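Trainee: One structure, as structure tokens, below. Some questions next.
Just so you know, all these numbers are worked out from the coordinates, no wet-lab data involved. The model shown is predicted, which means the values in this text are computed figures rather than measured ones. Every residue, glycine as well, gets a Cβ built from its backbone with ideal geometry; the counts of neighbours run over all protein chains shown.
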Amino acid sequence: MGGWISSPFRLIELRPVDRVLFHIGWFVVYSPLLEMRRFPFIGLFYPLLVLVSAAACLRSLADEGVSLRIEQQRGGFSFQVVGEDGLGEWLLQFSADGRDWQDLLFLERGAEAGAVPGVRVSPAALPVPHAERGLFRVMEYPEVDRFYRDYLAARARWRASGITSYRYAFRWSTMIFWNGSIEVIDGEVASYNRLEAFPPFFEEPPMYRTIEGLFDRIADARARNAASIEVRWDPDLGYPRSAAIDQSLLIADEEQYWSIEFVEPIR
């Protein structure tokens, strides 16, 4: 199992868990550290194998009581960090292979005194569609990042919607302007319809993207320390309804603005 836990973070604990592998039928594997079972599950999700680790880059060896607990609930999983000091921010991460980790969601701490950080996750919200196996871990986040918390929550809502074929109205402006609609089929851009553009000979949309591509654009701007990022998220589906990105205050006319008037699923 060492290959599954390869990471630059110190492993604090790998706890025995059950009810985390969904499939038709029963199959149980026992080991000193891990228990895996297959359970009937109604839905469109493929088997999901969960190995659970709690990791932190700012913890000392004295913090051996910190652990990540996972429970299967109807429609998903719940995660809790127990044994921590009650002060830190905890970020849940997912990996399909134990090497490349992706940030998933921040754990929320309840308002009552002594509440432990926790979060519920739908299998559909994972970054790998129809994942057959995967790993989860948590790491302590050094500071409160409200924008990134909102970004991850919005992206999880969009993924959980399960919408992969859709049409959306897209208005884009920077040094150029484009207004029209883009059609996406099975997660790939299939066609577009230009309504207006400036300069008038500019045909293709300047951001020929899916909704996932727009999320990637926002993440890229944050990773490159953009001077300003303002986003309004759709409260139901999570997609970025409008965005304003200024990558650098030292560069003129590179600001990007876009808005999405509607997203229409294609059945």
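Trainee: Taking 7 Å along the Cα-to-C-beta vector as the label spot, tell me the residue 257-residue 73 distance in nanometres, rounded to one decimal.
Mentor: Each label point is offset 7 Å from its Cα along the Cβ direction, giving 4.1 nm.
Trainee: What whole-number value in cubic angstrom gives the convex hull volume per residue for the C-alpha atoms of region 166-265?
Mentor: Dividing the Cα hull volume of region 166-265 by its residue count gives 90 Å³.
Trainee: Rank 263, 193, 250 by how far each Cα sits towards the positive end of the charge dipole of region 191-267 (+1 on Lys, Arg Cβ; -1 on Asp, Glu Cβ) and give me just the farthest.
Mentor: 263
Trainee: If you don't mind, there's one more thing I want to ask. Counting pairs of alpha carbon atoms under 8 Å apart in space and at least six apart in sequence, what relative contact order in percent does region 166-265 give?
Mentor: 29 percent
Trainee: Then there's this: At R0 = 30 Å, how high is the FRET efficiency between residue 222 and residue 108 if r is their beta carbon distance? Nearest 0.05 is fine.
Mentor: Step by step, r from the Cβ atoms, then E = 0.90.
Trainee: What nm distance separates the two modelled labels at residue 146 and residue 230, each placed 7 Å from Cα along Cα→Cβ?
Mentor: Rounded to a tenth, the inter-label distance reads 1.4 nm.
Trainee: Now for a different question. Can you tell me the length gained on complete extension of the stretch residue 203 to residue 100, counting 0.36 nm per residue apart and subtracting the Cα distance?
Mentor: 33.3 nm
Trainee: Here's a follow-up. Taking 0.36 nm per residue of separation and subtracting the Cα-Cα distance, what length does fully extending residue 246 through residue 189 add?
Mentor: Extra length from residue 246 to residue 189 when fully extended: 17.9 nm.
Trainee: Which order results if 119, 138 are arranged by neighbouring Cβ count within 10 Å, fewest first?
Mentor: By the 10 Å Cβ count, ascending, the order reads 119, 138.
Trainee: Another question about this same structure. May I ask you to order 170-183, 73-86 by the average number of other C-beta atoms within 10 Å around their residues, highest value first?
Mentor: Descending packing order for the listed peptides: 170-183, 73-86.
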